[in-house]
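Novice: Sending over a structure as structure tokens; questions will come in a sec.
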Amino acid sequence: MKMIKMILALFLISAISSCKEFLDVKPDAKLAVPSDKLLYLQLMLEDHGTMNMFNPAASDLAVDDVFIPGDKWTALLQAQRTSANAYIWDKDVFNDIDLTDWATSYKAILYSNLILEGLDKLKEESGQVLWKELKGAALFHRAHANFNLLQTFSLAYSEATADNTPGLPLKLSSDINEKLPRASVRQCYDHVLADLEESKTLLPKTVEFKTRVSMTAAAALLARVYLQMQQYELALRNAEEAISASPVLIDYNTLNADAAFPLNRFNEEVIFHSIITGLSGTTPNFGRVSTDLYEMYRPDDLRRTVYYRQSAGEVFFKGSYNGSTSRFSGLATDELYLIAAECYARSNNVTAALNRLNKLLVNRWKTGTFIPLNTPDASEVLSLILDERRKELAFRNRRWSDLKRLNLEPNRQKTIIRNLNGSVYTLEPGDKRYAMPIPRKVIEASGIEQN
């Protein structure tokens, strides 16, 4: 094991290079695979710093849930402010920063492609269970990274415009010297779906560690992707499949709301664990919870105290499913209940929608205080569900995606306004800034189209 780890370390050290193309790392794909071939590939796959710890973060700073006071904004160092510029939807967000949402996601894609290429060379071992599980996991991670990139750097998926909207350079190999144009949004989503559908056929039903990938995780991510595409029947099918395998919801009455971090890492609701990259503007030193969001919680809603703490009249987030200041961005059962509820409501199945929503909420309110929601109006039920998505999934990097897709519906559009040290910043529905600027170094090296 020590020898394998040493080889892996030497491989990774040899891979480091300047960001001349898409990534900060440059692999030596010709490096010989050591004797314990599958184990070597598994070690690469389980580099959690690449696969689980650096999901995009800038979009979580750009939403209406976060508030940065003027004095805190002024206090941000220049290097920090560049990344924090996502807060005001500025064109200078990632420039002159090496660890960007683009680079970390493409690094995960690089690792996935290296693993898939290594597995392809080991076809004689394709009958092994581990071979299949590794391929399934690599496909999942590639799909997950591409989907995250689409949420950050592309406009919302719309069936009417998907063929003409710029998406991502689709990297299907580990050769970063290959220059690729941006594929269309439709091509990118089709690629994500193909990877996930194949991964479901290869992954195990259960895994020992929640940083690993299961069949349930693939179904849960498919539900998330299909929801973003407004393909509600398929989103519902995958959400219900994942719920049947992982139905447990935490009763928040059992939590210590006074704790610094009431929710444990790898708790019962977590299906796949990942976190977002830390940005200065999202930390308690600078970022606050918007009044607009906080006032949505009723007094008997336990999320008001489990997710947040108050100090000197300001509200801070503490409800990460990572059990720390790092923000959870993975897949969890509560999100699946909300996806299922929304899909039922959009198909006018009000009873099923309310059943899923009430099942979640009774576990979030003080015992004996929750009155099950009951209305025959599908539109009203949908509005309730969308409000609960915002409250339940706050600071999980879901709000930006929701704003983008809901802005496609005329009656659910929202304009976000920032008042910051005398300046007013506005983000209108459908604004092209919903696709964040690609880092300047990438544009200069690749020549791809800038947002």
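Novice: So, in region 418-439, of the ones that are part of a loop (DSSP other than H, G, I, E, B) and among the hydrophobic types (A, V, I, L, M, F, W, C), which residue ends up surrounded by the fewest Cβ atoms within 10 Å (Cβ to Cβ)?
Specialist: Narrowing region 418-439 to residues part of a loop (DSSP other than H, G, I, E, B): 421-422, 428-431, 435-439.
Subset that is among the hydrophobic types (A, V, I, L, M, F, W, C): 435-436, 438.
Numbers: Ala435: 21, Met436: 25, Ile438: 26.
By that ranking, first place goes to Ala435.
Novice: If you don't mind, there's one more thing I want to ask. Please find, within region 87-103, the residue that is farthest from Pro437 (Cα to Cα) out of those that are assigned to a loop (DSSP other than H, G, I, E, B) and within 18 Å of the chain's Cα centre (by Cα). Walk me through how you get there before you give the answer.
Specialist: First, the residues of region 87-103 that are assigned to a loop (DSSP other than H, G, I, E, B): 89-100.
Then drop every residue that is not within 18 Å of the chain's Cα centre (by Cα), which leaves 99-100.
On the way: Leu99: 15, Thr100: 11 Å.
Out of the qualifying residues, it is Leu99.
Novice: For region 393-411, what are the residues that are assigned to a helix (DSSP H, G or I) and either within 22 Å of Ala58 (Cβ to Cβ) or polar (S, T, N, Q) (or both)?
Specialist: Correct list: Arg399, Trp400, Ser401, Asp402, Leu403, Lys404, Arg405, Leu406, Asn411.
Novice: Can you confirm whether Val442 is surrounded by 14 or more Cβ atoms within 10 Å (Cβ to Cβ), over 24 Å from the mean Cα position of the chain (by Cα) and assigned to a helix (DSSP H, G or I)? Give the derivation first.
Specialist: Values: surrounded by 14 or more Cβ atoms within 10 Å (Cβ to Cβ): yes; over 24 Å from the mean Cα position of the chain (by Cα): no; assigned to a helix (DSSP H, G or I): yes.
Criteria not met by Val442.
Novice: Still on this structure, I have one more. Quick one: is Arg186 closer than 29 Å to Asp402 by Cβ, charged (D, E, K, R), in a helix (DSSP H, G or I) and modelled with pLDDT under 95? Talk me through it step by step, then tell me what you get.
Specialist: Details: closer than 29 Å to Asp402 by Cβ: yes; charged (D, E, K, R): yes; in a helix (DSSP H, G or I): yes; modelled with pLDDT under 95: no.
It is false that Arg186 is closer than 29 Å to Asp402 by Cβ, charged (D, E, K, R), in a helix (DSSP H, G or I) and modelled with pLDDT under 95.
Novice: Turning to a different aspect of this structure: Sort out which residues of region 233-245 are closer than 25 Å to Val362 by Cα and surrounded by fewer than 21 Cβ atoms within 10 Å (Cβ to Cβ), and write them in order of number.
Specialist: Arg237, Glu240, Glu241, Ser244, Ala245, listed by residue number.
Novice: Would you confirm, using the coordinates I've provided, whether Ile109 is buried (at least 17 other Cβ atoms within 10 Å of the Cβ), under 19 Å from the mean Cα position of the chain (by Cα) and at pLDDT 90 or above?
Specialist: Numbers: buried (at least 17 other Cβ atoms within 10 Å of the Cβ): yes; under 19 Å from the mean Cα position of the chain (by Cα): yes; at pLDDT 90 or above: yes.
Yes: the conditions hold for Ile109.
Novice: Look at region 394-412 and say how many of its residues are more than 23 Å from Ser320 (Cβ to Cβ) and out of contact with any helix residue (DSSP H, G or I) (no Cβ under 7 Å at 6 or more places or on another chain).
Specialist: The number of residues fulfilling the criteria is 5.
Novice: State all residues of region 274-319 that are in a loop (DSSP other than H, G, I, E, B), out of contact with any helix residue (DSSP H, G or I) (no Cβ under 9 Å at 6 or more places or on another chain) and modelled with pLDDT of 95 or more; if no residue qualifies, say none.
Specialist: Pass one, region 274-319, residues in a loop (DSSP other than H, G, I, E, B): 274, 277-279, 283-287, 290, 295-300, 302, 307, 312-313, 318-319.
Retained after the next criterion (residues that are out of contact with any helix residue (DSSP H, G or I) (no Cβ under 9 Å at 6 or more places or on another chain)): 278, 283-284, 290, 295, 299-300, 312-313.
Of everything in region 274-319, those that are in a loop (DSSP other than H, G, I, E, B), out of contact with any helix residue (DSSP H, G or I) (no Cβ under 9 Å at 6 or more places or on another chain) and modelled with pLDDT of 95 or more turn out to be Ser290, Glu295, Pro299, Asp300.
Novice: A follow-up question, please. So in region 58-76, with the set limited to residues that are of a type in the set (Gly, Ala, Ser) and surrounded by 23 or more Cβ atoms within 10 Å (Cβ to Cβ), which one is farthest from Thr426 (Cα to Cα)? It would help to see each step written out before you state the result.
Specialist: Looking only at region 58-76, we keep the residues that are of a type in the set (Gly, Ala, Ser), and these are 58-59, 62, 70, 75.
Subset that is surrounded by 23 or more Cβ atoms within 10 Å (Cβ to Cβ): 58-59, 62.
Numbers: Ala58: 17, Ser59: 15, Ala62: 11 Å.
Residue satisfying both the conditions and the ranking: Ala58.
Novice: What tally of residues in region 194-214 results from selecting those that are buried (at least 16 other Cβ atoms within 10 Å of the Cβ) and either in contact (Cβ under 8 Å) with a residue 40 or more places away in the chain or under 21 Å from Ala435 (Cα atoms) (or both)?
Specialist: To start, the set of residues in region 194-214 that are buried (at least 16 other Cβ atoms within 10 Å of the Cβ) comprises 195-196, 198-200, 202-204, 207, 210-214.
Of the ones still in play, those that are also either in contact (Cβ under 8 Å) with a residue 40 or more places away in the chain or under 21 Å from Ala435 (Cα atoms) (or both) are 195-196, 198-200, 202-204, 210-214.
So the count comes out to 13.
The values are calculated or read from the model by the stated rules, or taken from the named source; none is laboratory data. Since the model is a prediction, treat every value here as computed from it, not as a measurement. Methodologically, a virtual Cβ is constructed for each residue, glycine included, from the backbone with ideal geometry; neighbour enumeration extends over all protein chains shown.
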